[in-house]
Amino acid sequence: MALVEIRNLRKVFPLGESMFGGGAKGEVTAVDDVSFDIERGETLGLVGESGSGKSTLGRLVLRLIEPSSGSIRFDGRDLLALSGKEMRHLRRDMQIIFQDPFGSLDPRMRVEDVIAEPLVIHERMNRATRRSRVAELLRAVGLDESARQRFPHEFSGGQRQRVGIARALALRPKFIVADEPVSALDVSVGAQIVNLLADLQREFALTYLFISHSMPVVRYLATRIAVMYRGKLVELGNAEQITTEPKHPYTRGLLEAIPEIAV
Amino acid sequence: MRLMPPSSAHWFGTDELGRDILSRIIYGARISMLVGSSVVAAALGLGLIIGSVAGFYGGRIDRFVNVIVMNAFLSFPGILIAIAFVAFRGPGIFNLVVALSLGGWVGYARLVRAQVLAAREREFVEAARALGASDLRIVVRHILPNIIQPIIVQAAIGMAGAILAEATMSFLGLGVPPPTASWGAMLNDSRAHLFDAPHLVAFPALAVMFAVLSFNFIGDALRDFLDPRSRMEAGL
């Protein structure tokens, strides 16, 4: 059984609603009838241009956005049938790493509180245990112990992204959606983060949905690649096959358009 | 001893009953601070809760609270609601506080709602939701600390407004009943002596002015202090 099973997922956003509700002027189909599985332990790369719906899809998979129709099964459970409370409880097994390493960290919380927050929410433990768990996590993502007492704005983009990764790892989730985790970073820092994600995957037996607009990055990490175009999944296959013999013209276009950058 | 101008014995002079004005201003400060802080606390508390609910949940709740309730209250001058309330319920400190809070919460609620509406779209709020945080936790731990600055500034300015409103109510005889000293009531008592003993009017008026000005400055100072970025730059 696959860890994540997505069937006929659709998300339609209404455009412009009046103050009194209703009267929507139109709608945009951000994700259109998408189905795929994510197997345990694999990295599914999701590529597509800006506005292709890949970030929306990533959030739908975690039910951070409610889909318009379709089904999502996670670890055998139907996510859409869960109550708010059950859903919150299940979130410990599924996490997200955001694109913007600044916006996704609460500017008023110290790094230690940011990383400890999932532990505070889901696990009862005393202060000392929590402190040592935070220390472990900081080590795991390659940050110094001195980072604890500092605020997010005191760090560089790459370091902040490490804080975000530590937070996502805190509960030892099974599944992580990485939503363009390196596209806000410069190339060398991005490469370090990609390598960190690969190391952590081995260490913690993680399953990734890795969203990116960069084919080279996805090719480096992913076991399989899904290509999205205008809300639809146009191609899905092994990383090797997609990058060497793409079947869909859009995939070929993506491969040709991106200059080769070694990662 | 009545209506004496300022002297070394009575620094601010005496009023028409021979009472020392400085002493009455000092005692009047108690009423101003008590009423001011109670009104701000009550109005802010109510405004935080109503504004957060409207801003965070949006949709129908927001439309009802924002369009109907808030606009209804905003369409009345606050002082009119207060006068009507006190006229109905009778004067006294408690009624005065309730009366002024009744018109005061809308300003906070509107500010809180607008701030929450903007803050809930920020990515760290989505991050907290992704972690499995409850709505209450998201609002209390993530949204409110990030929007509290303008609210604190508003509260300090609101404190100034509440002091002024208390003085107005007391001036109209709808505040604290005599003989309790209140700046507004002192101004009312001295109306008849505006030309023969102007110090009777000047000192309570200055007291109101300095109190109002001070709370505006306090609001500014608090804003600077509460921002961790400017605190870093100040080396604290």
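Its Kirkwood hydrodynamic radius, worked out from the mean inverse distance over all distinct Cα pairs, puts the range A:43-127 at 15.2 Å. Say we join alpha carbon atoms closer than 10 Å with springs in a Gaussian network model of chain B; which of B:Gly28, B:Gly78, B:Gly92 then has the biggest fluctuation? Checking each option, the largest mean-square fluctuation is seen for B:Gly92.
This model, with +1 at the C-beta of Lys and Arg and -1 at the C-beta of Asp and Glu, gives the range B:30-233 a dipole about its Cα centre of some 520 debye.
Here's the list of aspartates and glutamates a cross-link from A:Lys232 could span, going by alpha-carbon distance under 18 Å and ignoring same-chain residues fewer than 8 apart: A:Glu5, A:Glu27, A:Asp32, A:Asp33, A:Asp37, A:Glu49, A:Glu66, A:Asp179.
The lysines within cross-link reach of A:Lys85, meaning a Cα-to-Cα straight distance under 29 Å and a gap of 8 or more places when in the same chain, are A:Lys11, A:Lys54, A:Lys174.
Remark on A:Glu235: its backbone amide H falls under 5 Å from those of A:Val227, a criterion applied only to residues 5 or more positions apart or on other chains, H modelled at 1.01 Å from N. Working from Cα pairs under 8 Å separated by at least six residues, relative contact order for chain B is 24 percent. Once C-alpha pairs closer than 8 Å and six or more residues apart are averaged by separation and normalised to the residue number of the range B:6-143, the relative contact order reads 28 percent.
Each semi-axis of the equivalent ellipsoid for the range A:190-263 is √(5λ) with λ an eigenvalue of the Cα gyration tensor; in descending order they amount to 22, 14, 10 Å. Listed values for the range B:38-55 are Karplus-derived 3J(HN,Hα) couplings in whole Hz (6.51 cos²θ - 1.76 cosθ + 1.60, θ = phi - 60°), namely 5, 5, 5, 4, 5, 5, 5, x, 5, x, 4, 5, 5, x, 5, 4, 5, x, and x replaces Gly and Pro. Remark: relative contact order (chain A) = 25 percent; criterion is Cα-Cα distance under 8 angstrom and separation of 6 or more residues. Count Lys and Arg as plus one, Asp and Glu as minus one, and take only other residues whose Cβ is under 9 Å from that of A:Gln149; the net charge is then +2.
Taking each residue of A:99-107 in turn, how many C-beta atoms of other protein chains fall within 10 Å of its C-beta, and what is the average?
Per residue, the number of nearby Cβ atoms from other chains is 5 on average.
Rounded, prolate or oblate: pick one for the range A:102-246, where a ≥ b ≥ c are the square roots of the eigenvalues of its C-alpha gyration tensor, a/c under 1.5 means rounded, and failing that, prolate if a/b is larger than b/c, else oblate. It comes out prolate by the Cα gyration axes.
Largest first, the extents of the alpha carbon coordinates of the protein assembly as shown on the three principal axes equal 104, 53, 42 Å.
Look at the stretch B:130-141: the mean tally of other chain Cβ atoms within 10 Å of its residues' Cβ atoms is 6. Expressed as a fraction of 2.2 N^0.38 Å, the C-alpha radius of gyration for chain A is 1.03. Taking K and R as +1 and D and E as -1, what net charge do the other residues with C-beta under 13 Å from the C-beta of A:Ala135 add up to? Surrounding charge for A:Ala135 is +2. Comparing A:Gly164, A:Gly41, A:Gly142 in a Gaussian network model of chain A where C-alpha atoms under 10 Å apart are linked, the largest mean-square fluctuation is found at A:Gly142. Using the Cβ of A:Ile115 as centre and a radius below 11 Å, the other residues enclosed give a net charge of +3, where K and R count +1 and D and E count -1.
Of the peptides A:61-67, A:75-81, the ranking by mean beta-carbon count within 10 Å, highest at the top, reads A:61-67, A:75-81. Here, the range B:15-157 yields an orientationally averaged convex hull projection of 10.8 nm² when only Cα atoms define the hull. Among B:Val97, B:Val40, B:Val53, the largest mean-square fluctuation in a Gaussian network model of chain B, built with springs joining Cα atoms closer than 10 Å, belongs to B:Val53. 3J(HN,Hα) along the range B:209-226: 4, 5, 5, 4, 4, 4, 5, 5, 5, 4, x, 4, 5, 4, 4, 5, 6, 7 Hz, from the Karplus curve 6.51 cos²θ - 1.76 cosθ + 1.60 with θ = phi - 60°, whole Hz, x for Gly and Pro.
Taking other C-beta atoms within 10 angstrom as a stand-in for reagent exposure, B:Ser38, A:Ser146 fall in the order A:Ser146, B:Ser38, fewest first. For A:Gly45, the residues whose modelled amide H falls within less than 5 Å of its own, excluding neighbours fewer than 5 places apart on the same chain, are A:Phe210, A:Thr223, A:Arg224, A:Ile225, A:Ala226. Taken one residue at a time, the phi angles of the range A:168-181 give Karplus couplings (6.51, -1.76, 1.60, θ = phi - 60°) of 5, 7, 3, 9, 6, x, 8, 9, 10, 8, 9, 8, 6, x Hz. Gly and Pro are set to x. Annotation: amide H-H contacts under 5 Å for A:Leu82 (H modelled 1.01 Å from N, sequence separation of 5 or more, or interchain): none.
Averaged over the residues of peptide A:92-98, the number of Cβ atoms from other protein chains lying within 10 Å of each residue's Cβ is 3.
Computed from the coordinates by the stated procedures, all read-outs in this text should not be read as laboratory data. As the structure is a prediction and not an experimental result, all values here were calculated from the model. Positions of Cβ are generated from backbone atoms using ideal geometry, with glycine treated the same way; all protein chains shown enter the neighbour counts.
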